[in-house]
Amino acid sequence: MQTIENDMEIWLRCSAIKNMKYHYRLQLIDTLCQLPVINRESLRFLKLSERQISQYYHAISAEEIARAQEWIRGENHYFIHYRHSQYPSSLKQCVTAPLYLFAIGNIGLLTKVQLAIVGSRHCTYYGKYWAEIFASGIANHNVVVTSGLALGIDTIAHRAALSVSGSTIAVLGSGLEHIYPRENSELFQKIIHNQGLVISEFPLNAHPKAAHFPRRNRIISGLSVGTLVVEASLRSGSLITARYALEQNRNVYALPGSLSSPESAGCHWLIQQGGLLVKEVADIIEDIHPAHPSVLYPALQSINFAESDKVPLPFADLLANVGDEVTSVDVVAERAGQPVPETVVALLELELAGWIAAVPGGYVRLRRASHVRRSNVLV
């Protein structure tokens, strides 16, 4: 009778065999897991070549296997192979689904509705702001936020979900014993300690490699009912995740940005290709709820309240001259036709009221006010 440790050894060794078709590899694993003894003769009987037999025994060392077997004895440590009861059915629908996943944390999240939120590592203030709005809003609707633990949008998405006591899953492009980037080691621990989950298809001691991250992206999209791209250039890896999502027959959502911003060019391209333009959390919730009743519905009210017309807004003329991109104080003053000192005081009041934010080089708009019209722009 096979034990969990023995099964793990078979899955790890068989995954290291090269040039083997996916379906045959699964058949081989299923057969080996039923054998009382595995030796070279039994492998030859199963039509493995001498080279493949050598790879079975030597491509992964006995020390690596022993280390993995010891690791899964840890608290909330799991080895979830393709035949495991907790293996996500959504991943099985994907071509070249991972043969196994190492996981640490709350594996119950794998059966819940997930939304992937991805974007640029070098995001702007605009991207950071909206990533936080969408991730926290999605988490508040009983949807798990799934991302890649990378710097930038990924980090913000994970943190925003945790900030509202929501759930989040991080998918790594390295082994679970080599957290990458190192700057997110603390976030890794925070996810685990707050009932989140971190997973990887790579061996525990695998270092991050460039080729790992596109593979990681197919898992992010495969786990999720849809992928939201918050901010991405035309060369962004986030577009790879979006492409996988489309191939997996999942929806792709894109947040528009300024036409002059290269950081939003990838999102605009996705929208041109048929991606769904989103301007608030409700756009996504209303789209996924019909097929997933566990998603809280109706969607929470948007941050752009209809009552904003009734709320007195000071300095509407001034606010109309602060856009989504960084606008300097001098430019705002010139557009509004008033002295810089008065402009500074008014901008401070708008910042305290939450309409704008101070960033290096000036200010950016945070909220839309329906009573701030184009006619308010003086220059």
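Miscellaneous remarks
- Along its three principal directions, the equivalent ellipsoid of segment 194-243 from the Cα gyration tensor extends over semi-axes of 20, 16, 10 Å, largest first.
- Two-site FRET efficiency, Q34 against K190, from Cβ-Cβ distance with R₀ of 45 Å, rounded to 0.05: 0.60
- Packing rank of 287-295, 249-257, where each peptide gets the mean count of other beta carbons within 10 Å, highest leading: 249-257, 287-295
- Segment 1-143: relative contact order in percent, alpha carbon pairs under 8 Å with at least 6 residues between: 20 percent
- Other residues with beta-carbon under 11 Å from the beta-carbon of N205 carry, at +1 per Lys or Arg and -1 per Asp or Glu, a net charge of -2.
- Net charge over other residues, Cβ less than 15 angstrom from the Cβ of L110 (K, R count +1; D, E count -1): +2
- Seen from every direction in turn and averaged, the convex hull around the alpha carbons of the chain projects onto 20.9 nm².
- Per residue solvent-accessible surface (Å²) - the chain, probe of 1.4 Å: 49 Å²
- Anisotropy class of segment 94-166 from Cα gyration tensor, a/c 1.5 cut: oblate
- Segment 3-60: trypsin sites (Lys or Arg not before Pro) falling in loop per DSSP and having at most 14 other Cβ within 10 Å: K18, K21, K47
- Charge tally in the Cβ shell below 9 Å around G226, where Lys, Arg are +1 and Asp, Glu are -1, G226 excluded: 0
- Semi-axis lengths (Å, descending) of the ellipsoid that matches the C-alpha gyration tensor of segment 58-131: 30, 17, 14
- Most simply put, the chain has about 40% antiparallel DSSP beta bridges, counting only bridges with both residues inside it.
- Its relative contact order, with pairs defined as Cα atoms under 8 Å and 6+ residues apart, puts the chain at 12 percent.
- Mean projected area (nm²) of the alpha-carbon convex hull when segment 154-196 is viewed from all directions: 2.8 nm²
- With R₀ set to 22 Å, the beta-carbon distance separating A358 from S258 gives a calculated FRET efficiency near 0.75.
- Cβ-Cβ FRET estimate between S328 and Q86, R0 fixed at 51 Å, reported to 0.05: 0.45
- Contact order normalised by residue count of segment 108-252, Cα under 8 Å, 6+ apart, percent: 28 percent
- Modelled spin-label separation between V340 and Q272, with each label point placed 7 Å from Cα along the Cα-to-Cβ direction: 3.9 nm.
- Helical runs assigned H by DSSP (4 residues or longer) give the chain a calculated mean residue ellipticity at 222 nm of -11500 deg cm²/dmol, each run adding -39500 (n - 2.57) before division by the residue total.
- Its alpha carbons considered, segment 1-94 gives a radius of gyration followed by a Dmax of 13.6, 39 Å.
- Cα-based Rg and Dmax for segment 212-297, where Dmax is the largest Cα-Cα distance (Å): 12.9, 39
- Alpha carbon centroid spacing (whole Å) that separates segment 61-127 from segment 230-273: 24 Å
- Anchor K279: lysines whose Cα lies under 24 Å away (excluding residues fewer than 8 positions away in-chain): K128, K310
The values are calculated or read from the model by the stated rules, or taken from the named source; none is laboratory data. The structure displayed is predicted, hence computed values, not measured ones. Because the Cβ atoms are built from the backbone with ideal geometry, glycine has one as well, and the counts that use them run over all protein chains shown. These accessible areas exclude ligands, DNA and RNA; they are computed on the full protein's heavy atoms, side chains included. Shrake-Rupley method; radii C 1.70, N 1.55, O 1.52, S 1.80 Å.
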